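Notes to accompany the following structure.
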Amino acid sequence: MTAAKVTPSSPSQQTPPPWRDVRVLRIVGQVVAVVAVFGALYWLFNNLITNLNDSGIPIDFGVFNQPTNFSIRDDPGFDDRSPLFPNLLWVGIKNTAISTIFGILIALTLGTLVGIGRLSSNWLVSKLSLLYVEGLRNIPVLVLITFFGFAVFTFGPFPPFNPSSPPISIGLPFSDSNLALLSNDRWGVPSIATDGATGLFWILMLAALAATVAVWRWRTSVNIKTGAPHRRVLFALGTLLGIGIIAFLITGTPYRMSWPAVSESGRRIDGGFSTNAGWISLTVALGLYTASHVAEIVRGSIQAVAKGQSEASNALALSGFQRYRFVVLPQALRIAIPPTINQFLNLTKNTSLGVVVAYPEITSLIRTAIGNGKPAVPLLAVLMAIYLGFSFFWSIMLNIVNRRFQLVGR
Amino acid sequence: MKNTKWLRIIAAIFAFTLVAAACSSGGSDGETGGSDSTNEDGDSGDSGDSGDGDSGDGDTVELTQDGGRLAAVQERGTLICGGNDTLPGFGIVDDAGDFSGFDIDFCRVVAAGVLGDANAVEFVPLTADARFTALQSGEIDVLIRNTTWTATRDGQEGANFLFTTFFDGQGLMVPASTGFTELEDLADASICVLSGTTTELNLNSVFSARGIAFNPVVFEDNNALRPAYEEGQCEAWTSDASQLAAFKSSIEGEGGDEQFIMAEIISKEPLGPVVVDGDTEWAQAVNWSVMATVQAWEFGLDSGSISGYSGDDPNILNFIGTDGFDPGIGLPADFAVQVVSQVGNYEEIYNANIIPIGLQLTGSPNDLWTNGGLMYVPPYR
């Protein structure tokens, strides 16, 4: 093939000397690059090993079979004073994940609203959105987290939580239960507790789901055969709820509300979902910060949809809502997904800043372990592997979602 | 300089992860490779070092750096000392941006002993959990940062702990208004603790031994921990008693609530300078510079009197080097004079830094052995 390209040029020009031959140069260039990269990696790795050996510190992954010998803030295994390392990693990963999930929920909801708000024709809404984006996007996230930790909690309006100073309690009307317990150290909110045959309940729910699918298909076929309105959603929901309620009752109400209450010692929250100031500061600050980036992505993606699309839908007399719902947003979504998932990835990694508000996420725990005399190199290697795992998760999600939304080929 | 080192370490660890992932089952294989290199270098590490004492399993302790650090520091002309910059009394940056404190003064002691100039020090402020990494990577020559001597740190962190300059113990501080006096009063309480310190371990072992539940709130530095404590996010603050005393006087001095330090001391915390394992000559040089302050105190020599000593006590003449005595530890003959005249003896250093934060010397473990304390140095002869 290449020979065919070469021949039309002057016949006197034979094969060029190797140092001027593009094909040779390309290969040499790649070999040099590979050697340089691997050489650099080898040099760095060798440095590490040499220095560690000089200091008599073997690299030893045996640390993961040892007890950690320290306890973790608000760890449910509160009484287990010496958890083994896998437990520590598990608590750390769980805390990182919880912060990530809630942070993403905040970022996605708020970011979408603000992003659309920026394009609003209402002057106030669009300027407020602009203020939000420019304000939060330009503050380092570490500062934001520290600010939340100090302004909202440490120096905030909530009282300390100890026997002499009970937390603010917001009561549930017509009962003795608390809807919320608020202090500058921890908050308690209601949660759902289990007791009883949850397994059986979910087996029944599986059956309910199958029944729902059957009803859905049935209504669809009725619609196709007779032309009568299908009302699939109504029928399906009815089936699901009906069977669900019956299953819930016959399995002996396996789920119930759990309300937060101050413990006997006056220092803990019994029942409900108890969370600490660190978690709230970290999650809300990350959520708000990432929302400003998501808002810009949403705005950019909407504006990237060709103007003709909007004009065409106007010409078809679609309403403003219909224009967005059926024409603009589906196209904007496709553009917005990759950069948004990148933001999720950033948010995941930013949770490592939780140490400034004393939130025990994985980085903080690993650092505590290192500070308590555990070997740094194996622990940092595992820490990196964990974040790599989170990143892989997001890139897999990105690929799945992208495949789902990508344009079907011609 | 500092940045490139860090980049190197991080990149190296990354490379390491790749390799570790590639041969995850090769724990013993890796050791074989390591011991090969020990054999090769075994002959070169011959300067009479008892390397076999701490490597019974034939583990990899290479002594290629033996003797390197002392010469390197003297050639460089400055000592790089890892210290604290947020702890009143021990290591803190004052309004003018200068480091001061007990530990900082011992950095200056080492510089005076090794280089003859107490001001030839470059201070590197380190967080508690970054200090051993900095030491291991060779970023700092010596670590003097209220660091407790423990077996794990001696072993797994590759640290070499030298003369204990301060005998401390972990205590708990609570606001005086609470009326708490013993650990049992703190059942279920949130307790503020600094990350990367042995305090977490001590706290855990003492509370679990007595079956008291507690909730540790781990902060990264004292600047974040202190407001959290003062505003009641945690009910107690645990740390070395000396640090608590420093913060007690600081909080009360700034108009905060009155504080109470519980009488119970829950751990032994011997604090002292640390160098990296594998360089005996450097360790000796640092150690004897530091011990000279205590020896001078024992001899009754202080910064004013040592250089003008005119007596004829042969031990003192040995010590100040006027009779040309050289024990062969690699330090100049007059190092003790430089140390004491430029920085002071132990008592002077203590009085300048520790007395102001409210800890007495007389009657404490840090008093001279002749007064019933623990400050006892080997004879200089």
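The values are calculated or read from the model by the stated rules, or taken from the named source; none is laboratory data. What you are looking at is a predicted structure, and each value in this text was computed from that prediction instead of being measured. A quick note on method: Cβ atoms are made from the backbone with ideal geometry, for glycine too, and the neighbour counts reach across all protein chains shown. Accessible surface is based on the protein model in full, side chains and every heavy atom, while ligands, DNA and RNA are left aside. Shrake-Rupley method; radii C 1.70, N 1.55, O 1.52, S 1.80 Å.
Solvent exposure of chain A, expressed per residue, is 55 Å² of accessible area, with all protein chains present and a 1.4 angstrom probe. In µm²/s, what is D for chain A at 10 °C and 1.306 mPa s, where D = kT/(6 pi eta Rh) by Stokes-Einstein and Rh is the Kirkwood radius from Cα pairs? Using the Kirkwood radius from Cα pairs, D works out to 58 µm²/s. Taking each pair of different alpha-carbon atoms in the range A:203-339 once, compute 1/r for the pair, average those values, and report the inverse of that mean as the Kirkwood hydrodynamic radius in Å to one decimal. Taking the inverse mean of 1/r over all distinct Cα pairs, the range A:203-339 comes out at 20.8 Å.
Solvent-accessible surface of protein heavy atoms, probed at 1.4 angstrom with all chains present, puts A:VAL91, A:VAL233 in the order A:VAL233, A:VAL91, largest first.
Across A:LEU48, A:LEU388, A:LEU89, mean-square fluctuation computed from a Gaussian network of chain A (C-alpha pairs under 10 Å connected) peaks at A:LEU48. In the assembled protein chains, B:THR150 presents an accessible area of approximately 40 Å² (probe radius 1.4 Å). The order of the peptides B:102-108, A:263-269 by mean Cβ neighbours within 10 Å, most packed first, is B:102-108, A:263-269.
On the principal axes of its alpha-carbon atoms, the range A:327-384 has extents of 59, 24, 9 Å, going from largest to smallest. When you count the other C-beta atoms within 10 angstrom of each residue and take the mean per peptide, A:217-224, B:270-277, A:186-193 line up highest first as B:270-277, A:186-193, A:217-224. Taking 1.567 mPa s as the viscosity and 4 °C as the temperature, the Stokes-Einstein diffusion coefficient of the range B:206-283 based on its alpha-carbon Kirkwood radius rounds to 85 µm²/s.
Note on the range B:278-325: percent of Cα-Cα distances in each 5 Å bin, starting at 0 and stopping at the bin with the largest distance, equals 5, 19, 27, 22, 14, 8, 4, 1. Just to check, using Stokes-Einstein with a Kirkwood Rh over alpha carbon pairs, what's the diffusion coefficient of the range A:192-258 at 37 °C and 0.692 mPa s in µm²/s? Estimated diffusion coefficient is 252 µm²/s.
Across peptide B:202-210, the average count of Cβ atoms from other chains found within 10 Å of a residue's Cβ is 3. Note on the protein assembly as shown: along the principal axes its Cα atoms extend 121, 100, 55 Å, ordered by decreasing extent.
Shielding value for B:185-195 is 5, the average number of Cβ atoms from other chains within 10 Å of each residue's Cβ. Each label point was placed 7 Å from the Cα along the Cα-to-Cβ direction; for A:LEU131 and B:LEU317 their separation is 8.4 nm.
Across peptide A:357-367, the average count of Cβ atoms from other chains found within 10 Å of a residue's Cβ is 4.
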